[in-house]
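Just so it is clear, none of the values below were taken in a lab; they were calculated from the coordinates. Computed from a predicted model, the values in this text were never measured in an experiment. Note that we place each Cβ from the backbone using ideal geometry, even for glycine, and neighbour counts take in every protein chain shown.
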Amino acid sequence: MGIISIVAASSLVFAGCGNSSSDESKSEEYSSQGEKIFKNNSCVGCHGKDLEGASGPSLKNVGSKLSEQDIEKIINEGKGSMPSKVVDEKEAKEVAKWLAEQK
Ligand code: HEC
C-alpha cells in the first residue's frame, strides 16, 4: 500500500510538470533527468527518496561500488527480489548515469 501511494503521489508531481520542454517556469526540483525518473517510479518506494534504503538496500554510495553499466543491467534485468523493467531501457540509462554519480 505504501508503495502504491508513493507512486500515485509522484505521478501527480510528474503530471504537474507537463510534457512540454518549453515550459521552463516549473522546472527543476531535480538535479537531473535520472533523479526525476527514479523519484517518479517505484524505485523510490524500495530505495528511499534520499537513497537511504527501505525494502531495498541503500543506494547512497552505489556509484563507488557499481559502474554505470552494472547499474543499468540491474535495472533492466532485476536482481534478487528487485523486479526488472520498472522503467524502460531509455530511462534505465538515465537513472544508471545518475546513480553512478552517487559516491
Ligand atoms: C520492489 C522493490 C524494488 C524496486 C521497485 C526497485 N528495487 Fe532496486 N533493489 C531492490 C532489492 C531488494 C535489491 C537487492 C537485490 C539483491 O542484492 O539481491 C535492489 C538492488 C538494487 C541495486 C543494486 C544495489 C547494490 O548495492 O548491489 C540498484 C542499483 C537498484 N536496486 C536500483 C533500482 C532502481 C534504479 C530502481 C527503479 C528503476 C529500482 N532499483 C527499483 C528492490 C527494489
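Considering only V86, S64, I75, the residue lying farthest towards the positive end of the dipole of the range 64-103 is S64, judged by Cα position with unit charges set on Cβ.
Legend: distances between Cα atoms for K36/K93; K60/K90; K36/K65; pairs beyond 20 Å are K60/K90; K36/K65. Here the residues K90, K65, ranked from fewest to most Cβ neighbours within 10 Å of their Cβ, fall in the order K90, K65. Here K85, K39 are placed in order of increasing Cβ neighbour count within 10 Å, fewest first, which gives K85, K39. Quick one: plug the Kirkwood hydrodynamic radius of the range 62-103 (C-alpha pairs) into Stokes-Einstein at 25 °C, 0.890 mPa s, and report D in µm²/s. After rounding, the answer is 247 µm²/s.
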